[in-house]
Amino acid sequence: MARSAGGRHAASRRVLTLAAAATTAVAAVAAIGGCTHSRQMADIGFQPPEGGYRLIVMRPDVTVGVLTAGSGIERREDWTNTARANILRAVTAQQAQRGGSVRIAETRAAAGGDPAAVADLDRLHDAVGGAIRRHKYSSETLPTKMKRFDWTLGEAAVQFGRASGYDYALFLHVEDSFSSSGRMMVQAVAAVGCVIGYCVMPHGGRQAAFASLVDLKTGRIVWFNTLASNKGDIRRAEGAEALVDTLLDRMKPGKPAGLPARPLRAASVR
């Protein structure tokens, strides 16, 4: 009986040791993962707007949800509305320091022009912005766009510019997620695996965003930026301000126009 009790105590100590190690591992992963990355791209010859330009900031496309144990995202409408309001306030404060004539559209109707056409333009931007993020910021490059930044919203953006009278449109797409209790349990189990030598750590909640500046005279996307972060909370004012400050940081100009193009290598015939 004594040896049996001793065995139970030893097993309990091992469980406690693993639990403590798992907690330490989760904390370490959180500390390592708490970073933010952004990277700007611009059209050739682009210069950030100056002087008396007219800019419309389109209603931000925002989604905030819960990251489930199975890696799905369950949208929370209350979180989304709060985050969008925070982002709108942060963008308003930032743009007030940049000059120009700026209007912030809190709704699609406030953007000017036909609301249905504005909705179509928003959807078009989401599609093109997603393509830019996929083909310019990952290994899925397109052969025709490898050496240049050449993207457009086309005639739809030009027509919107004529109808609204703006020179530029600024679009924002923001996603944020927060781990559910089930997801945190999955991470804790994975952390125990790290302790015993098999480490596959599932990610927690994270932010992903991109922004585009569109020249409404040509329809071209002249500036683009992405953001990826494992920290921050846009449901809070300070979190939204941090995201906006990073995503809409000082716009960098594009490469000067007129530079000779690099010769293309002849494709081999197989």
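The values are calculated or read from the model by the stated rules, or taken from the named source; none is laboratory data. Quick caveat: nothing in here was measured; it's all calculated off a predicted structure. Cβ coordinates were reconstructed from backbone atoms using ideal geometry, including for glycine residues, and neighbour counts include every protein chain displayed.
Some observations on this one:
- Test result for Ala163, part of a helix (DSSP H, G or I), in contact with a Lys or Arg (Cβ under 7 Å, 6 or more places away or on another chain) and free of Cβ contacts under 8 Å to residues at least 60 places away in the same chain: no
- Count - residues of segment 216-270 that are within 30 Å of Val158 (Cβ to Cβ), among the small types (Gly, Ala, Ser) and modelled with pLDDT under 95: 4
- Scanning segment 137-160 for residues that are assigned to a helix (DSSP H, G or I) and either closer than 27 Å to Gly232 by Cα or free of Cβ contacts under 8 Å to residues at least 24 places away in the same chain (or both) returns Pro143, Thr144, Lys145.
- Cβ separations smaller than 9 Å between residues 6+ apart or across chains give no pair from segment 48-63 residues that are among the small types (Gly, Ala, Ser) to residues that are crowded, with 20+ Cβ neighbours inside 10 Å.
- Subset tally (residues that are surrounded by 14 or more Cβ atoms within 10 Å (Cβ to Cβ) and either without any contact (Cβ under 8 Å) to a residue 40 or more places away in the chain or within 13 Å of Ser212 (Cβ to Cβ) (or both)) for segment 104-118: 0
- In segment 35-87, the residues that are of a type in the set (Gly, Ala, Ser) and over 20 Å from Thr246 (Cβ atoms): Gly45, Gly51, Gly52, Gly65, Ala69, Gly70, Ser71, Gly72
- Test for Ser71: is it in contact with a helix residue (DSSP H, G or I) (Cβ under 9 Å, 6 or more places away or on another chain), part of a strand (DSSP E or B) and modelled with pLDDT under 95: no
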